[in-house]
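These notes are about the structure you will find just below.
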There are 2 protein chains.
Amino acid sequence: MIRVVLAEDQHMLRGALATLLSLEDDIEIVAEAADGKQALSALREHQPDILVTDIEMPHLSGIDLAETVRRESMPTRVLIVTTFSRPGYLQRALHAGVHGYVLKDSSSDELATAVRRVNAGERYVPAGLAELTWGTPDPLSDRERQVLRLAESGLTNKQIASELSLSVGTVRNYITEAMQKLNAGNRIEAFRMARDLGWL
Amino acid sequence: MIRVVLAEDQHMLRGALATLLSLEDDIEIVAEAADGKQALSALREHQPDILVTDIEMPHLSGIDLAETVRRESMPTRVLIVTTFSRPGYLQRALHAGVHGYVLKDSSSDELATAVRRVNAGERYVPAGLAELTWGTPDPLSDRERQVLRLAESGLTNKQIASELSLSVGTVRNYITEAMQKLNAGNRIEAFRMARDLGWL
DNA sequence: AGCGCCACATGACATTTGTCACCTGCCAGA
DNA sequence: TCTGGCAGGTGACAAATGTCATGTGGCGCT
């Protein structure tokens, strides 16, 4: 029996996946979690074989969970289930020690398959996405990323500067650099592109 | 037997919901659709009792579908299932003649309940959301909405102006008006707020 | 017919944003 | 030790963005 903890913040999808996975003869859902913190408690308590988790969740992301699992040498393997086929996400996920990666846009059969593969010690990654990923390494520096995130939330250069204790000129510089790297015409295009590629 | 067409672009959720709804004794899924166009064909072919549909889908949105259903006087009632609890969405949905509205963040039991209620001729709307909705009527004019959408996609005022055959000054003015109505400090805050409230 | 209201429109002006050239200091690797 | 790269910074200039006063025409109300 493969013992699974399921973490997904969307109630309806979580319930549906739990039901479907439970229908499989060799899979057992030992706990469900609606956010990262609950997931972490469940991991500590149940020490499952597999954690099936979304990336974007309150409190702790699926990637944060994967890092914790590795840092604390838990016996659990992590399988990410996510909406987005953003190259940067997969890259960060693999870097965090994730064992499998499934898109919500695939079938629930494929999820069950992935669970079994990962449980058997294999890696599971969508064919097309893997290639995409290595084609475009993230060119942004930490500062550029930081500044773009704040710009995305609607702050002005002045506000960003005071937030990060930098001069306005420096902030402008980072934005300009990011725009050049991303080949964007203004800050809006820049953070949208970075976001879409999974770099923020 | 309640005959249902299910339209949802996320494969995994669609499959899961189809399975779960089929488990109910009085509900039958007669067709599934992955986008608005497929949904429309399915509606024409099967003339179901209920259309369960997402809002954000390729080709035709769930709201477009609801409008078509009413315009063509189909025998079908429409039940929206969506991620977003944005007041403007519910408002537009009801205006389009939708009979029920369920959030993906509720349980799948609730979905089945909603299907039955709507089939019985009742309306089904989440309690809290209904109040929220009437508290904040959309203050944006058509032009302001149009301009905000284009600004959101990263176009400059000049590009927006040429797109809409206006002068740059006029475009700037619309942005300013929208910013004032939304109490935003710049265009980025403005379109983010409008988007979050479901007004774009 | 006259009034007010509103969406739509414009241009002049001030501020913010983006570009560019150039400077300092730190640190890792050849 | 030299070199290159990166973080941090400045200032001058050009371009885009935001503010404001003002004008037009349509529509409803009295």
Only listed residue being touching a residue at least 12 places away in the same chain (Cβ under 8 Å), aromatic (Phe, Trp, Tyr) and in a helix (DSSP H, G or I), chosen from A:101, A:89: A:89
Test set (1) within 14 Å of another protein chain (Cβ to nearest Cβ); (2) assigned to a helix (DSSP H, G or I); (3) closer than 20 Å to residue A:75 by Cβ - residue A:44 fails condition number: (1)
Residue A:25 being away from chain B (no Cβ under 14 Å), surrounded by fewer than 21 Cβ atoms within 10 Å (Cβ to Cβ) and free of Cβ contacts under 8 Å to residues at least 24 places away in the same chain: yes
In the stretch B:123-144, residue modelled with the lowest pLDDT [restricted to those that are away from DNA strand C (no atom under 16 Å from the Cβ), surrounded by 13 or more Cβ atoms within 10 Å (Cβ to Cβ) and not small (Gly, Ala, Ser)]: B:133
Residue in the stretch A:183-199 that is touching a strand residue (DSSP E or B) at 6+ places or on another chain (Cβ under 8 Å) and touching a residue at least 40 places away in the same chain (Cβ under 8 Å) present: no
Residue tally, condition farther than 18 Å from residue B:100 by Cα and either in a helix (DSSP H, G or I) or at pLDDT 95 or above (or both), over the stretch B:1-13: 3
Selection status of residue B:17, within 14 Å of another protein chain (Cβ to nearest Cβ) and either crowded, with 20+ Cβ neighbours inside 10 Å or aromatic (Phe, Trp, Tyr) (or both): yes
Number of the exception - residue A:181 against (1) basic (Lys, Arg); (2) away from every other protein chain (no Cβ under 11 Å); (3) near DNA strand C (Cβ under 7 Å from one of its atoms): (3)
Residue in the stretch A:151-172 that is touching a residue at least 12 places away in the same chain (Cβ under 8 Å), surrounded by 20 or more Cβ atoms within 10 Å (Cβ to Cβ), away from chain B (no Cβ under 14 Å) and over 17 Å from the mean Cα position of the chain (by Cα) present: yes
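The values are calculated or read from the model by the stated rules, or taken from the named source; none is laboratory data. These numbers come from a predicted model, not from an experiment. Here Cβ is always computed from backbone atoms with ideal geometry, including for glycine, and neighbour counts include all displayed protein chains.
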